[in-house]
Amino acid sequence: MSGEPQRTLLLWCPDWPVLAAEIVDGVPATDPVVVLHANRVIACSERARAEGIRRGLRRREAQGRCPHLTVVDHDPGRDVRAFEPVVAAVEEVVAGVEVIRPGACATAARGPSRYLGGEEAAAERIVEHVAQSCAVESQAGIADGVFAAGLAAREGRIVAPGGTREFLAARPVEALGRPALADLLRRLGVRTLGDFAALPAGDVLARFGFDGALAHRLAGGRDDRPLAVRQPPADLTVTADYDEPVDRVDAAAFAARMLAERLHERLAGYGLACTRLGIEAVTAHGQELHRVWRHDGLLTAAAVADRVRWQLDGWLSGSNGRGGTRPARPTAGIVRLRLVPDGVLAQAGLQPGLWGETGEERERAHRALSRVQGILGPEAVVTAVLGGGRSPADQVRLVPWGDERAPARPGPPPLPSPAPASPAPAASPSPAVGAAPGAASASVVVPASGVRAGRRAGRGRAVAEPPWPGRIPPPSPAVVLPAPLPADVRDAAGEPVVVSARLAVSAAPARLTVGDGRPAEITGWTGPWPVDERWWAPAEARRRARFQVSLADGAALLLAVEGGQWLVEAIYD
């Protein structure tokens, strides 16, 4: 605990939960408004108090006193978000601010009073600046200690140095903010803070415990701890303004490199590395453009410059990569460019990559792949990321080199799994483990081992991640076709093999014809694994069943039947 209390300036915003609801949700604070928590009023507007509503009333009683009352649920997150601009405005005037709670913040009064011309001038300056910057009414109080300054702020009062104990003496014990303790003290005949402070500290500790001892210190004008001021976050954003609008890609690339070097130097000064980069641009006609790039590792100055150049190229040329429609180009050139390091971490906290710790081999590989991206574009070098899904195409996602390698779908980790429960013939396929889409060019493929799946995936097992019913059993196919190939499956009599709605196979598959090729004999098969996806959206609903088949020539395929049509989805190695 601290010794002598510190001279403290506290800023208080009356009825802050109500004001936060107006700022965030648009609830007019000039109307009768109450904020409820556990069905009781914890804050109310001035109009509501004029109707006789007070804190602690139940909802029904409050609505009985004011039928046209607006009720808002308590949301601590909303209160904190709305109060952050107020704290930032206070930090523009003084340094070292502690947030007591949403709606109240405190700072040491000595510094502001010395360079702003006294305590009263400092309080007026802060209140005026908050009103101009945030359009929020507030009151300031100054006293010895945070607790006394909070009570003084409710009256807009400056307590003279050394007069805090006298200021608190006449206050009721309810001012401590401990209802249970205040009720007990009143039943014992202690009604004011002065009476409570006069009790011996040892007896208070023995009778009321540690929390009572803390309250006893506050009643005597002594704080239980010093101010814990927060450090304002460092401004890492870099901005460049251009007199002549930038409308050519080569000029934008030059501007991007200069700005990227400034950002890298600023981050290096704080010992930080950028993992998520925000690129913002403003055109001469006021159009605002914004994009966020993620990176799975350290973004060097060259890597930042490349990503900014790629993004400016996409904006200025209207290109969105391979295929698809082209978005409209900006109507004017770029006059302002801003780089925002949205995600940063200490450089020592980077996870080792495929080539081990940071060293020559890793740097050489990174430079080589980044150079390929710089020549051919970000999608020229991709890596495979395993995730959840029912089909092999869903389980592997290709991401550009350097982007965040996060799975698009949740799923269990890749663990070896036994064969499916359904019996398979002696000639059932047994391809090697490892899945990778076959359409990827210049890609680094991450091996994807078999994952728990099957017709009854997860039965009798403790699966930590959400399972995918209908997922094919391991091993995974080696090649996933970018577009399934049409096929024809017939039985020994030459009749088409049909799968009914109840998953009954009309006959054992005997011959397979892929496209216009020659028929091949099926020597082993297993399945079906049914999938009924997005049945609640008729336009996106899909029903299909998958089979694994092995052919007489040694090939093994993954087949699917959908709407009566057989398809070849993947090939086993």
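Numbers for the structure displayed
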| quantity | calculated |
| --- | --- |
| Residue within region 351-359 that is at pLDDT below 70, under 23 Å from the mean Cα position of the chain (by Cα) and within 20 Å of P400 (Cβ to Cβ) present | yes |
| Restricting region 98-116 to residues that are closer than 15 Å to H129 by Cα and surrounded by 19 or more Cβ atoms within 10 Å (Cβ to Cβ), the residue that is farthest from the chain's Cα centre (by Cα) | P112 |
| Some residue of region 23-43 being under 30 Å from V159 (Cα atoms) and either touching an Asp or Glu at 6+ places or on another chain (Cβ under 9 Å) or open to solvent by less than 70 Å² (accessible area, probe 1.4 Å) (or both) | yes |
| Selection status of D73, out of contact with any Asp or Glu (no Cβ under 8 Å at 6 or more places or on another chain), crowded, with 17+ Cβ neighbours inside 10 Å, among the acidic types (D, E) and modelled with pLDDT of 90 or more | no |
| Region 492-528: number of residues that are of a type outside the set (K, R) and either in contact with a Cys (Cβ under 7 Å, 6 or more places away or on another chain) or over 17 Å from Q565 (Cβ atoms) (or both) | 15 |
| Set L19, L11: member being open to solvent by less than 10 Å² (accessible area, probe 1.4 Å), hydrophobic (A, V, I, L, M, F, W, C), within 29 Å of S113 (Cβ to Cβ) and not in a loop (DSSP other than H, G, I, E, B) | L11 |
| Residue count for region 504-542, restricted to those that are open to solvent by 50 Å² or more (accessible area, probe 1.4 Å), aliphatic (A, V, I, L, M), touching a residue at least 12 places away in the same chain (Cβ under 8 Å) and closer than 25 Å to G389 by Cβ | 1 |
| Which listed residue, of D223, D203, is farther than 30 Å from I279 by Cα and either touching a residue at least 12 places away in the same chain (Cβ under 8 Å) or surrounded by 12 or more Cβ atoms within 10 Å (Cβ to Cβ) (or both) | D223 |
| Residues located in region 146-160, provided they are free of Cβ contacts under 8 Å to residues at least 12 places away in the same chain and either open to solvent by less than 40 Å² (accessible area, probe 1.4 Å) or part of a helix (DSSP H, G or I) (or both) | none |
| Within region 176-200, considering residues that are small (G, A, S) and assigned to a helix (DSSP H, G or I), the one surrounded by the fewest Cβ atoms within 10 Å (Cβ to Cβ) | A180 |
| Checking E119 against (1) within 19 Å of R154 (Cα to Cα); (2) charged (D, E, K, R); (3) within 31 Å of the chain's Cα centre (by Cα); (4) surrounded by 16 or more Cβ atoms within 10 Å (Cβ to Cβ), the condition it does not meet | (3) |
| Failed item in (1) surrounded by fewer than 13 Cβ atoms within 10 Å (Cβ to Cβ); (2) acidic (D, E); (3) over 37 Å from the mean Cα position of the chain (by Cα), with E562 passing the rest | (1) |
| Complete set of residues in region 379-408 that are within 23 Å of L557 (Cα to Cα), open to solvent by 10 Å² or more (accessible area, probe 1.4 Å) and in contact with a Ser or Thr (Cβ under 8 Å, 6 or more places away or on another chain) | Q395, L398 |
| Matching residues, region 269-296, being of a type in the set (S, T, Y) and closer than 23 Å to V249 by Cβ | T283 |
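Yes or no, residue by residue, for (1) without any contact (Cβ under 8 Å) to a residue 40 or more places away in the chain; (2) surrounded by fewer than 19 Cβ atoms within 10 Å (Cβ to Cβ); (3) of a type in the set (K, R):
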{"position": "M258", "(1), (2), (3)": "yes, yes, no"}
{"position": "E261", "(1), (2), (3)": "no, yes, no"}
{"position": "R266", "(1), (2), (3)": "yes, yes, yes"}
{"position": "G269", "(1), (2), (3)": "yes, yes, no"}
{"position": "A281", "(1), (2), (3)": "no, no, no"}
{"position": "G286", "(1), (2), (3)": "yes, yes, no"}
{"position": "L289", "(1), (2), (3)": "no, yes, no"}
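For (1) surrounded by fewer than 16 Cβ atoms within 10 Å (Cβ to Cβ); (2) at pLDDT 80 or above; (3) in contact with an Asp or Glu (Cβ under 9 Å, 6 or more places away or on another chain), each residue gets a yes or a no:
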{"position": "A240", "(1), (2), (3)": "no, yes, no"}
{"position": "A252", "(1), (2), (3)": "no, no, yes"}
{"position": "T275", "(1), (2), (3)": "no, no, yes"}
{"position": "A303", "(1), (2), (3)": "no, no, no"}
{"position": "L316", "(1), (2), (3)": "no, no, yes"}
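Residues checked against (1) at pLDDT 50 or above; (2) over 20 Å from R405 (Cβ atoms); (3) not basic (K, R):
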| site | (1), (2), (3) |
| --- | --- |
| R456 | no, yes, no |
| A462 | no, yes, yes |
| V480 | yes, no, yes |
| A483 | yes, yes, yes |
| A487 | yes, yes, yes |
| V497 | yes, yes, yes |
| S500 | yes, yes, yes |
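The values are calculated or read from the model by the stated rules, or taken from the named source; none is laboratory data. Keep in mind it's a predicted model, so treat the numbers as computed, not measured. Backbone-built Cβ (ideal geometry, glycine too); neighbour counts: all protein chains shown. Protein only, heavy atoms only, side chains kept; ligands, DNA and RNA dropped before computing areas. Shrake-Rupley method; radii C 1.70, N 1.55, O 1.52, S 1.80 Å.
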